[in-house]
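See structure below.
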Amino acid sequence: MTFNIFVSYSSKDIEEIKLILDSFKNIRDTKIFFADSSLKIGDEISKEIENEIRKSDLFLVFYSINSDSSNYVQQEIGFAKNNVKSTIIIPILLDGTKPTAFINGIKYLDLSNKKKYNSEIKRLYDLIISNVEKKNQNQAITSLGLLLLACLIFFGNKK
């Protein structure tokens with residue numbers, strides 16, 4: 001089972017975000033959608049982004065003065081809030097700019113505080129690992145339940 005992570009960001013912050021995402025790329029059973037490297041030539045960008053947001057288990061929005069003024073980031077946030085009820089949304093502050101509008105009031109990680117940077121990255125890493133494990137456990141329980149149901153139906157019909 002794959003745990004899908006959607007990354008929303010301003011392209012002006014791309015180099016900093018790539019460094020952060022590198023620390024998560026080896027987490028098993030995860031797929032990170034990062035438009036810069038995930039979109040292919042010829043993809044219909046809006047359609048692909050909407051599909052990836054719908055599939056996401058975790059929506060990371062890297063928040064900065066740049067993303068605050070980005071129409072794309074604001075649209076992605078609005079789409080995630082309005083169309084995907086089970087997705088966890090985590091704002092990640094890059095420069096201390098506080099989240100507004102749709103994500104105002106959501107507990108965020110603060111990477112702008114350099115003293116807390118490593119502990120905040122670890123908190124995010126642990127959150128991802130925990131949710132990957134939870135999704136895998138839920139999938140295993142669902143599969144076991146379906147197997148038991150199939151056995152009950154099969155052996156119930158044998159009588």
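No value in this document is a laboratory result; all are computed from the given coordinates. Bear in mind the structure is a predicted one, so any value in this text is a computation, not a measurement. All Cβ positions, even for glycine, are placed from backbone atoms using ideal geometry, and neighbour counts span all protein chains on display.
Miscellaneous remarks
- Residue that is farthest from the chain's Cα centre (by Cα), among those in the stretch 35-64 that are surrounded by 14 or more Cβ atoms within 10 Å (Cβ to Cβ) and β-branched (Val, Ile, Thr): Ile49
- Count of the stretch 93-109 residues which are in contact with an Asp or Glu (Cβ under 8 Å, 6 or more places away or on another chain) and of a type in the set (Ser, Thr, Tyr): 2
- Restricting the stretch 70-109 to residues that are touching a residue at least 12 places away in the same chain (Cβ under 8 Å) and among the polar types (S, T, N, Q), the residue that is farthest from Tyr9 (Cα to Cα) is Ser86.
- Taking the stretch 11-97 and the strands (runs of 3 or more DSSP E) fully enclosed by it, the elements with 2 or more residues that are out of contact with any Leu (no Cβ under 8 Å at 6 or more places or on another chain) and within 21 Å of Leu109 (Cα to Cα) are at 30-34, 58-63.
- The set of residues in the stretch 3-34 being farther than 25 Å from Asn71 by Cα, without any contact (Cβ under 8 Å) to a residue 24 or more places away in the chain and either among the acidic types (Asp, Glu) or surrounded by 16 or more Cβ atoms within 10 Å (Cβ to Cβ) (or both) consists of Asp22 alone.
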